[in-house]
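Notes to accompany the following structure.
The values are calculated or read from the model by the stated rules, or taken from the named source; none is laboratory data. Computed from a predicted model, the values in this text were never measured in an experiment. With ideal geometry, Cβ positions are generated from the backbone for all residues, glycine too; neighbour counts draw on all protein chains shown. Surface accessibility is based on the protein's heavy atoms, side chains included, excluding ligands, DNA and RNA. Shrake-Rupley method; radii C 1.70, N 1.55, O 1.52, S 1.80 Å.
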Amino acid sequence: MIIRKLNDVEKTGVDIPGVKGITKQLVLGSQDGVPNFSIRVFTLAPGGHSPHHTHEVEHLNVILSGQGALMDETGKANPLVKGDFAFVAPHEVHQFRNASETEDFVFICAVPKEYE
């Protein structure tokens, strides 16, 4: 059994093309011996966003705080707030955006452990 406090997990910057104002915390992952999924927490600063991108694997998301949007391949903004859940299917084009100018947008993103 592993119990970990989010505040004890190091935040690292996400430095890939198309990213603005994002940090990542790998809360539980392959280094912990998880058998299937890694749990990551992303924090998007005001004005922050991920690139418009796609992956080979599904993403399971839970919004922890703030206001954001999950953009689809057409650019449509699907609003997200604390307590919402979002599923991104494999190969589905998507982008996460912070919709607030004053507060962070924070969400859990679970992926197969090989893609942490």
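Each row is one residue, and each column tells you yes or no for (1) at pLDDT 95 or above; (2) among the polar types (S, T, N, Q); (3) touching a Lys or Arg at 6+ places or on another chain (Cβ under 7 Å).
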site: Leu64; (1), (2), (3): yes, no, yes
site: Gln67; (1), (2), (3): yes, yes, no
site: Glu73; (1), (2), (3): no, no, no
site: Leu80; (1), (2), (3): yes, no, no
site: Thr102; (1), (2), (3): yes, yes, no
site: Glu114; (1), (2), (3): no, no, no
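Among Phe87, Phe107, which is open to solvent by less than 80 Å² (accessible area, probe 1.4 Å), at negative phi, of a type in the set (A, V, I, L, M, F, W, C) and modelled with pLDDT of 95 or more?
Exactly one of Phe87, Phe107 is open to solvent by less than 80 Å² (accessible area, probe 1.4 Å), at negative phi, of a type in the set (A, V, I, L, M, F, W, C) and modelled with pLDDT of 95 or more, namely Phe107.
For region 38-51, state whether one or more residues are charged (D, E, K, R), in a strand (DSSP E or B), modelled with pLDDT of 95 or more and open to solvent by less than 50 Å² (accessible area, probe 1.4 Å).
yes
Just give me the residues in region 52-64 being acidic (Asp, Glu) and either buried (at least 16 other Cβ atoms within 10 Å of the Cβ) or out of contact with any His (no Cβ under 9 Å at 6 or more places or on another chain) (or both), in sequence order.
Once the filter is applied, which keeps residues that are acidic (Asp, Glu) and either buried (at least 16 other Cβ atoms within 10 Å of the Cβ) or out of contact with any His (no Cβ under 9 Å at 6 or more places or on another chain) (or both), region 52-64 yields only Glu58.
Has region 16-28 got at least one residue that is aliphatic (A, V, I, L, M), open to solvent by 40 Å² or more (accessible area, probe 1.4 Å) and assigned to a loop (DSSP other than H, G, I, E, B)?
Within region 16-28 (the criterion being aliphatic (A, V, I, L, M), open to solvent by 40 Å² or more (accessible area, probe 1.4 Å) and assigned to a loop (DSSP other than H, G, I, E, B)), the answer is yes, since at least one residue qualifies.
Out of all the residues in region 28-48, which are closer than 14 Å to Ile108 by Cα and of a type in the set (D, E, K, R)?
Arg40, the sole residue that qualifies.
Report every pair of residues separated by at least 6 positions or lying on different chains whose Cβ atoms are under 7 Å apart, first residue within region 49-75 and in contact (Cβ under 8 Å) with a residue 40 or more places away in the chain and over 20 Å from Val106 (Cβ atoms), second part of a strand (DSSP E or B) and open to solvent by 40 Å² or more (accessible area, probe 1.4 Å).
Glu58/Phe87
Residue check: is Arg4 in a loop (DSSP other than H, G, I, E, B) and in contact (Cβ under 8 Å) with a residue 24 or more places away in the chain?
Against the criterion (in a loop (DSSP other than H, G, I, E, B) and in contact (Cβ under 8 Å) with a residue 24 or more places away in the chain), Arg4 qualifies.
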